[in-house]
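Quick notes on the structure that follows.
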Amino acid sequence: MSAWFSKKPRIAPVEAQDDDLKATPSRMEGLWVKCDACGEILYRNDLEKNLHVCPACAFHMQMPARARLASLLDGGVFTEHDQNLEAEDPLGFSDSKKYKDRLRVTKKNLGEKDAFLSGIGKIDGAQVSVGCFVFEFMGGSMGSVVGEKVTRVFERAYDLKCPAIVFSSSGGARMQEGIFSLMQMAKTSAAIARFRTVRQPYLSVMLHPTTGGVAASFAWLGDVILAEPKALIGFAGPRVIEQTIRQKLPEGFQRSEFLIDHGMIDAIVARKDLRPRLSQLIALMS
């Protein structure tokens, strides 16, 4: 009889998510942060003051949604709406774990009720209806609640006759909600169509990564589409496409630099320049 430690596990370990669709979060332990791009060891407080951008190589690390909004809005003031909306489990979905259990654990760990924050703020005195994805919440996936919150960003902008801004960072539709998730693509797009009648700008800011149903709907419907440096943007990830068409894709395919060269986005804006750029666009287009 072989020793217990030589036996193979009965359940094979789950493979890691495709690297192309990861948000490449920095490795954080205590007070220090290691840059995933250059390997520089950084003091966490200094990194946060630099908007989570590596001072050594300018790599844009993942930035918490609330910190992002605080850095962009006047006085860091964000009046949050729709805080009480929480995802349900309409299909009773279960894979290796029940969907309702995943939701409960994620809510507890992050202190957020779903993958999107929405509300009202000001940029240089101009009122804006704003929303931002929380990628840490199930990969920023879009379920019924996320779709409803995004829709309400445009409905508030319609009522207030003010600009709308959405910061997208998502792996796409939330498979645990099936067709209820896919319906959000049409729902959010319809809200944008109604919002356009008030002739106020919708500024879409694509972060790393913006993929799947989010990219295929409201994220790419902005009047102006901005992106952060080296953000992965597209419907399917490069590895999935390569495996499907059995061809090697161009270097940097679907990164923001590739997309701007091919006319798919309007500008790449470094994080430190994003607030003045948004302010400029609002002044020109409102």
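The values are calculated or read from the model by the stated rules, or taken from the named source; none is laboratory data. Just so we're clear, the structure is a prediction, and the values are computed from it rather than from any experiment. Note: ideal-geometry Cβ built from the backbone for every residue, glycine included; neighbour counts use all protein chains shown.
Going by what's in this entry, would ASP74 be described as among the acidic types (Asp, Glu) and farther than 27 Å from VAL130 by Cβ?
Values: among the acidic types (Asp, Glu): yes; farther than 27 Å from VAL130 by Cβ: no.
No, not satisfied.
For segment 53-74, does any single residue satisfy the condition of being among the β-branched types (Val, Ile, Thr) and assigned by TED's automatic domain parsing to the domain that holds ALA270? It would help to see each step written out before you state the result.
Our first condition is that a residue be among the β-branched types (Val, Ile, Thr); within segment 53-74, this holds for 53.
Still in the running and assigned by TED's automatic domain parsing to the domain that holds ALA270: none.
No; the residues of segment 53-74 include none that is among the β-branched types (Val, Ile, Thr) and assigned by TED's automatic domain parsing to the domain that holds ALA270.
Need the failing condition index for THR151 against (1) modelled with pLDDT of 95 or more; (2) over 15 Å from ASP114 (Cβ atoms), just the number.
With (1) modelled with pLDDT of 95 or more; (2) over 15 Å from ASP114 (Cβ atoms) applied to THR151, the lone miss is (2).
Of the residues LEU274, LEU259, LEU284, LEU278, which is surrounded by fewer than 17 Cβ atoms within 10 Å (Cβ to Cβ) and part of a helix (DSSP H, G or I)? Show your work before the answer.
Numbers: LEU274 fails: surrounded by fewer than 17 Cβ atoms within 10 Å (Cβ to Cβ); LEU259 fails: surrounded by fewer than 17 Cβ atoms within 10 Å (Cβ to Cβ); LEU278 fails: surrounded by fewer than 17 Cβ atoms within 10 Å (Cβ to Cβ).
Being surrounded by fewer than 17 Cβ atoms within 10 Å (Cβ to Cβ) and part of a helix (DSSP H, G or I) holds for just one of LEU274, LEU259, LEU284, LEU278, which is LEU284.
When segment 191-214 is examined, which residues are found to be hydrophobic (A, V, I, L, M, F, W, C), outside any helix (DSSP H, G or I) and within 14 Å of SER129 (Cα to Cα)? Before the answer, list the steps.
Looking only at segment 191-214, we keep the residues that are hydrophobic (A, V, I, L, M, F, W, C), and these are 191-193, 195, 198, 203, 205-207, 214.
Next cut, outside any helix (DSSP H, G or I) only: 203, 205-207.
Correct list: LEU203, VAL205.
Only one residue in PRO201, PRO238, PRO250 is in the same structural domain as SER129 (by TED's automatic domain parsing), modelled with pLDDT of 95 or more and either under 29 Å from ALA58 (Cβ atoms) or not charged (D, E, K, R) (or both). Which one? Explain how you work it out, then say what you get.
Details: PRO238 fails: modelled with pLDDT of 95 or more; PRO250 fails: modelled with pLDDT of 95 or more.
That would be PRO201, the only listed residue that is in the same structural domain as SER129 (by TED's automatic domain parsing), modelled with pLDDT of 95 or more and either under 29 Å from ALA58 (Cβ atoms) or not charged (D, E, K, R) (or both).
Are any residues in segment 77-105 touching a Phe, Trp or Tyr at 6+ places or on another chain (Cβ under 6 Å) and crowded, with 17+ Cβ neighbours inside 10 Å, and if so, which ones? Spell out how you get there, then give the answer.
The initial filter retains those residues of segment 77-105 that are touching a Phe, Trp or Tyr at 6+ places or on another chain (Cβ under 6 Å), namely 89-90, 93, 99.
Passing the criteria: only TYR99.
Which of the residues spanning segment 237-258 are touching a strand residue (DSSP E or B) at 6+ places or on another chain (Cβ under 7 Å) and either over 28 Å from ALA70 (Cα atoms) or in contact (Cβ under 8 Å) with a residue 40 or more places away in the chain (or both)?
From segment 237-258, those touching a strand residue (DSSP E or B) at 6+ places or on another chain (Cβ under 7 Å) are 237, 254-257; that's our starting set.
Passing the criteria: GLY237, GLN254, SER256.
If I go through segment 67-89 residue by residue, how many of them are in a helix (DSSP H, G or I) and in contact (Cβ under 8 Å) with a residue 60 or more places away in the chain?
So the first thing to find is which residues in segment 67-89 are in a helix (DSSP H, G or I), and the list is 67-72, 74-76.
Those left that are additionally in contact (Cβ under 8 Å) with a residue 60 or more places away in the chain: 68-69, 71-72.
Result for segment 67-89: 4.
Filtering segment 106-122 down to residues that are among the charged types (D, E, K, R) and crowded, with 16+ Cβ neighbours inside 10 Å, which residue is nearest to MET175 (Cα to Cα)? Talk me through it step by step, then tell me what you get.
Of the residues in segment 106-122, the ones among the charged types (D, E, K, R) are 107-108, 112-114, 122.
Restricting the remaining residues to those that are crowded, with 16+ Cβ neighbours inside 10 Å gives 112-114, 122.
On the way: GLU112: 20, LYS113: 18, ASP114: 15, LYS122: 35 Å.
The qualifying residue nearest to MET175 (Cα to Cα) is ASP114.
Search segment 235-269 for residues being touching a Lys or Arg at 6+ places or on another chain (Cβ under 9 Å) and of a type in the set (Gly, Ala, Ser), and hand back the single one that is nearest to ASP124 (Cα to Cα).
The qualifying residue nearest to ASP124 (Cα to Cα) is ALA267.
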